[in-house]
Amino acid sequence: MEAAVEAARQGTFFSRNEFLIRRLHSLTGLIPVGAYMCIHLLTNASTLGGPEMFQKNVDLIHSLGPALPIVEWTFIFLPLIFHAVVGVVIIRSGNANLSSYYYVGNVRYTLQRVTAWIALLFIAYHVFHMHGWFHNAWWLENVANNELGGHQFDPHKASSTAAIALASPLKKLFYGIGVISCVYHLANGLWTMGITWGVWTTAAAQRRANWICGAFGIALTVVGLAALVGVTTTDVDKAEAYEKVRHEMNLEEQQRAEAEAKRLKSLSPAEREAEAKAQAEKEAKAAETKAH
Amino acid sequence: MIQANSHDDSAHGSHDHGEHHAPPAQFAVRVLRQDAPGAPSYWERHTITRENDMNVISVLQRIAAQSETADGDKTTPVAWDCNCLEEVCGACTMLVNGKTRQACSALVDKLLAENPEEIELRPMSKFPVVRDLMVNRSRLFRALQKVQAWIPVDGYYDMGSGPRVSPANQEQAYPLSECMSCGCCLEACPQFTKIELKKQEGETDEAFKAREQAAFDRGFVGAHAISQVMLFNNHPTGAMNAPARLEALMAEGGIQDCGNAQNCVAVCPKKIPLTTSIGRAGRATTVHAIKKFFDR
């Protein structure tokens, strides 16, 4: 019997570190997950500026090259998975009682949990729909691409593939609901976070903070839904033509760079030294003329 | 500062619709009864003749006097807890028409104005039922023990006068000191879920109590205990033990379990600014956690 009491006192890893885990859950909701979502929705909204603008923004993200997956896993996926797993534990620990206590705060509490489930389903589908979950060649070719309609987004053809992926009104509706749920969850979560960490304490301060969080939520909803308008108004043929030209230009540049690298590699050490010397002289001369 | 929070007055039965229906001569009362801890519950209907200035307590006294259900069957008196009869002890807290409140301040005429058909009485749902409308609220008091909701100044010698308390501090402390441990905030809290253990065969009372308290300590402490921590931590003498109380609030079942539904402040019969206490406790634990991390 005493062993049972002792075991209950010791608890699990989660229960022993409950405070830290719950505070980390609160923090990850804002940084990096919430902050990332703002950047993501703002980038998406740039589809309104035409394929040139959106492609430029996507290229900027992809300029990280091989570092991109590391950045994505560190600042997006791992914190998001942590937030989701702990979130499910939290939701299961409570019992909504809206029918007995129909107060504004309680409606928001319940909505925070409803939008959490919608956001979880939506994000899981969204990452599959656009990226196929894993960028593994076999997986993409045999599972994600063909049968299930995943991996629709191509970062080299950003505007056209996004527009095609979201062509169906049903998908647009689902994305709209998903985005609004995510935004509500962030804006309301920001408000409760302020109470949790003790930023706004009195009822008056909480009301003021509520206005700010509400305005933030409405602004972010507009930004989020602007992206859906953007993909609707995108002219797919024009976007594809632009992306093709751009891609070819990029390819040419890449080939030129590769050829140059190959040529340098084929030179003997003496030749390479001579070339370097000539280059240095040329640069020195240029600097001199500039100084004069 | 006494901050009026978003109160739903209907929770306290003080809604005046401005309409004046003639009160019915008789009304029905539906009571959710239970004969023993863990036993199945059942509904029982009673018909009561209305008198002036009745409250739910006097209704329960009539039921005991009649000792007959609405169908004319003989029945035992309904058991309930009460003490002060003026909404300062919290003992008669129950669910009146589905809402948590004190039976003594639930006036029959106001309840009939809301629903002339009947009055529904149920025991609180978050505490183990002892019998009928009587519940065991020991978890509520265990939470106060856990967070050390007192100031340890007992001794055999004269400790002299305590430090002066500023008027501003007094004003902040007074509303918090009005808590009567009724449990309304816990009953309405979606994060505070029922813990009811069954005594095992051959288990001594002491062993059962130890097992029960261990289970209580793992559950959410609740708004009342968080608010009491703020009351004692903000008192100049009580502040000497502030870190220990904050540690208790950061243990399992502590302040982190709060989901910010803010039902506690909406149902509190004493209108205690519980969510302000929660915000202040949130700040205090944040600072304490950072200090602990960098000072050790």
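The table below lists the values:
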| read-out | value |
| --- | --- |
| Residue list for segment A:2-31, filter: at pLDDT below 80 and polar (S, T, N, Q) | A:GLN10 |
| Candidates A:LEU78, A:LEU64, A:LEU42, filtered to the one that is in contact (Cβ under 8 Å) with a residue 24 or more places away in the chain, among the hydrophobic types (A, V, I, L, M, F, W, C), more than 30 Å from B:ALA210 (Cβ to Cβ) and more than 10 Å from chain B (Cβ to nearest Cβ) | A:LEU42 |
| The one condition in (1) within 25 Å of A:ALA165 (Cβ to Cβ); (2) within 8 Å of chain B (Cβ to nearest Cβ) that A:ILE123 fails to fulfil | (2) |
| Evaluation of B:GLU252 against (1) surrounded by fewer than 24 Cβ atoms within 10 Å (Cβ to Cβ); (2) within 7 Å of chain A (Cβ to nearest Cβ); (3) farther than 24 Å from A:ARG16 by Cβ (one fails), failing number | (3) |
| Test: residue in segment A:20-29 that is part of a helix (DSSP H, G or I) and more than 14 Å from chain B (Cβ to nearest Cβ) | yes |
| Residues satisfying the stated conditions in segment B:266-296, i.e. at the interface with another protein chain (Cβ under 8 Å from one of its Cβ atoms) and in contact with a Pro (Cβ under 8 Å, 6 or more places away or on another chain) | B:PRO273 |
| Per-region count, segment A:151-183, residues more than 18 Å from A:ALA124 (Cβ to Cβ), part of a helix (DSSP H, G or I) and of a type outside the set (Gly, Ala, Ser) | 7 |
| Residue satisfying condition, being within 22 Å of B:ALA28 (Cβ to Cβ), in contact with a His (Cβ under 9 Å, 6 or more places away or on another chain) and either of a type in the set (A, V, I, L, M) or in the same structural domain as B:GLY253 (by TED's automatic domain parsing) (or both), within set B:ALA103, B:ALA113 | B:ALA113 |
| Sole exception among (1) more than 10 Å from chain A (Cβ to nearest Cβ); (2) at positive phi for B:GLY202, by number | (1) |
| Test result for A:GLY132, small (Gly, Ala, Ser), surrounded by 17 or more Cβ atoms within 10 Å (Cβ to Cβ) and on the phi > 0 side of the Ramachandran plot | yes |
| From A:VAL58, A:VAL33, A:VAL89, A:VAL85, residue being among the hydrophobic types (A, V, I, L, M, F, W, C), without any contact (Cβ under 8 Å) to a residue 40 or more places away in the chain, in the same structural domain as A:VAL179 (by TED's automatic domain parsing) and part of a helix (DSSP H, G or I) | A:VAL85 |
| Some residue of segment A:189-207 being aromatic (Phe, Trp, Tyr) and either under 18 Å from the mean Cα position of the chain (by Cα) or under 28 Å from A:LEU120 (Cα atoms) (or both) | yes |
| Residues satisfying the stated conditions in segment B:228-249, i.e. within 14 Å of chain A (Cβ to nearest Cβ), of a type in the set (A, V, I, L, M, F, W, C) and over 20 Å from B:GLN213 (Cβ atoms) | B:MET230, B:LEU246 |
| Residue list for segment B:91-121, restricted to those being within 14 Å of another protein chain (Cβ to nearest Cβ) and under 17 Å from B:ILE48 (Cα atoms) | B:VAL96, B:ASN97, B:GLU120 |
| Matching residues, segment A:189-209, being over 23 Å from B:ILE290 (Cβ atoms) and either surrounded by fewer than 18 Cβ atoms within 10 Å (Cβ to Cβ) or touching a residue at least 24 places away in the same chain (Cβ under 8 Å) (or both) | A:ALA204, A:ARG207, A:ARG208 |
| Criterion (surrounded by fewer than 18 Cβ atoms within 10 Å (Cβ to Cβ) and more than 30 Å from B:ALA214 (Cα to Cα)) met by exactly one of A:ILE91, A:ILE31 | A:ILE31 |
| Search result, residues across segment B:257-282 that are in a helix (DSSP H, G or I) and either under 17 Å from the mean Cα position of the chain (by Cα) or surrounded by fewer than 17 Cβ atoms within 10 Å (Cβ to Cβ) (or both) | B:ASN263, B:CYS264, B:VAL265, B:ALA266, B:VAL267, B:LEU274, B:THR275, B:SER277, B:ILE278 |
| Residues of segment B:68-90 classified as touching a residue at least 24 places away in the same chain (Cβ under 8 Å) and over 13 Å from B:CYS182 (Cβ atoms), total | 8 |
| Which numbered condition A:SER160 misses (of (1) at pLDDT 95 or above; (2) of a type in the set (S, T, N, Q); (3) surrounded by 21 or more Cβ atoms within 10 Å (Cβ to Cβ)) | (1) |
| Count of segment A:81-120 residues which are closer than 18 Å to A:GLU18 by Cβ, among the β-branched types (Val, Ile, Thr) and away from chain B (no Cβ under 12 Å) | 2 |
| Some residue of segment B:214-223 being surrounded by fewer than 21 Cβ atoms within 10 Å (Cβ to Cβ), farther than 15 Å from B:PHE127 by Cβ and more than 8 Å from every other protein chain (Cβ to nearest Cβ) | no |
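The values are calculated or read from the model by the stated rules, or taken from the named source; none is laboratory data. Not measured: the values here are computed from a predicted model. As a convention, Cβ positions derive from the backbone with ideal geometry for all residues, glycine included, and neighbour counts pool all protein chains shown.
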